[in-house]
Amino acid sequence: MTATHYTSGSNLLPALIACLDGILASDAMPEGLMRGEIGWLGDGLSDPQRESAMARRAQDRNEALDLASTARGLLSALENSGEVPSDSALQLARALDDATSRIGAAMRQAQADRIHGLYVIIDPEVTGGRDPLEIARAAINGGARMLQLRDKLRDKGEQLPLAMALRDLCASNGALLIINDHADLAAALGPDHVGLHVGQTDLPVAEARKILAPGQVLGRSNREIDLIVESQQMGADHVAFGAMYTTTTKQVTRAPQGPERLRQARAAAQVPLVAIGGITADNVAPVVEAGADAICVTAAVGSAPDPEAAAAKLTEAIRAAGGRV
């Protein structure tokens, strides 16, 4: 159902009510949400037992989001035509925004279950001269559950073909692709199987949310325990903490965090925790035992003579240490 299906004012209000009915009847919608706010449309609509003959029940959260978007377009047309007072339109618009936010949060919470095991950063500068997509395939074949595209040198237009190929690779293997830094690129690739990662000095979480689809996950880097708390308060869906050990992939001027500091990070983190920095199959066990949900590496796979074997060795080491792979 889209707003373009309705061309006359007499059909707009029933269409809007049908959208709202579909949202309210959806399993994706928290019980009672919006019933009070939309009571002005008619006494019956606020009745939890009411089912409109016109309603098309939203079968999943993506469909509920589509209905909310359609409802916003219909509401705008009704307000412009004078069929809905501006104050009532504002009230319903806020309720629809709240519904969209809540549905998106529920979708991202469900996605959080995918943040575990081996997480490999695909950096075109860390491939040993090989095709980054070749490294990505090897990582997935070796057991990686997440990939991240991190390209600090090329423009986003140049990154797009590789990003699309990585998205398709992840989608066909039940994996998650994370785009580093670029919210617009993540949004262009999404919403399914694609999220975003930002650093402390990148686009703030709230601003990135305005660009991403409501269900796209967002992670944030943290070098201190208090920053983990801050990231969660901002609404990050997962948090990265490091560097665990000395690393040559990124310039790090402070001492490694180490597994003991990771234990403190685990105590502070209420969302999935990603450990990063200098991790190999030989030193991953203490990191897993300290509470990391996902183990993020770059050179340990990208620079390995046999990336698939390196990913498989890491995956097995994570499993042996008690991690979920």
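The values are calculated or read from the model by the stated rules, or taken from the named source; none is laboratory data. Please read all numbers here as calculations on a predicted model, not as lab measurements. As a convention, Cβ positions derive from the backbone with ideal geometry for all residues, glycine included, and neighbour counts pool all protein chains shown.
Worth pointing out:
- Of the residues making up segment 235-252, those that are over 26 Å from residue 267 (Cβ atoms) and touching a residue at least 60 places away in the same chain (Cβ under 8 Å) number 1.
- Residue among 125, 79, 83 that is in contact with a Ser or Thr (Cβ under 7 Å, 6 or more places away or on another chain) and more than 18 Å from residue 306 (Cβ to Cβ): 79
- Of the strands (runs of 3 or more DSSP E) lying entirely inside segment 104-199, the ones with 2 or more residues being at pLDDT 95 or above and closer than 18 Å to residue 303 by Cβ are found at 117-122, 146-149.
- All positions within segment 190-200 that are buried (at least 18 other Cβ atoms within 10 Å of the Cβ) and within 18 Å of residue 152 (Cα to Cα): 195, 196, 197, 198
- Output for segment 213-233, where each listed residue is within 14 Å of the chain's Cα centre (by Cα) and among the aliphatic types (A, V, I, L, M): 213, 217, 218
- Only one entry of 320, 294 meets the criterion of being out of contact with any Cys (no Cβ under 7 Å at 6 or more places or on another chain) and surrounded by 21 or more Cβ atoms within 10 Å (Cβ to Cβ), and that entry is 294.
- Pair list, Cβ < 9 Å and 6+ apart or interchain, from segment 73-89 residues that are more than 13 Å from residue 17 (Cβ to Cβ) to residues that are surrounded by 16 or more Cβ atoms within 10 Å (Cβ to Cβ) and aromatic (Phe, Trp, Tyr): 77/6
- Yes/no for residue 98 being at pLDDT 90 or above and under 26 Å from residue 236 (Cβ atoms): no
- Applying a threshold of 6 Å to beta carbon distances and a minimum spacing of six or more residues, or different chains, the list of pairs starting in segment 104-123 at a residue that is surrounded by 17 or more Cβ atoms within 10 Å (Cβ to Cβ) and ending at one that is of a type in the set (S, T, N, Q) reads 118/315; 121/148; 121/298; 123/298.
- Residue check, residue 281 in contact with a helix residue (DSSP H, G or I) (Cβ under 6 Å, 6 or more places away or on another chain) and assigned by TED's automatic domain parsing to the domain that holds residue 184: yes
- Whichever residue in segment 7-34 is part of a helix (DSSP H, G or I) and modelled with pLDDT under 75 and, among such residues, is surrounded by the most Cβ atoms within 10 Å (Cβ to Cβ): 9
- From the options 227, 262, residue that is surrounded by fewer than 21 Cβ atoms within 10 Å (Cβ to Cβ), at pLDDT 95 or above and either farther than 16 Å from residue 118 by Cβ or in contact with a Phe, Trp or Tyr (Cβ under 6 Å, 6 or more places away or on another chain) (or both): 227
- Pairs with Cβ under 8 Å, 6+ apart, first in segment 147-168 and at negative phi, second assigned to a helix (DSSP H, G or I) and surrounded by fewer than 18 Cβ atoms within 10 Å (Cβ to Cβ): 156/184; 160/188; 162/133; 165/133; 166/133
- Qualifying residue in segment 211-234 (condition: touching a residue at least 24 places away in the same chain (Cβ under 8 Å), within 24 Å of residue 139 (Cα to Cα), among the basic types (Lys, Arg) and assigned to a loop (DSSP other than H, G, I, E, B)): no
- Taking the listed residues 67, 133, the one that is crowded, with 20+ Cβ neighbours inside 10 Å and touching a residue at least 12 places away in the same chain (Cβ under 8 Å) is 67, with no other qualifying.
- In the set 242, 277, 215, 219, only one residue is closer than 23 Å to residue 114 by Cβ, at pLDDT below 95 and surrounded by 16 or more Cβ atoms within 10 Å (Cβ to Cβ); that residue is 215.
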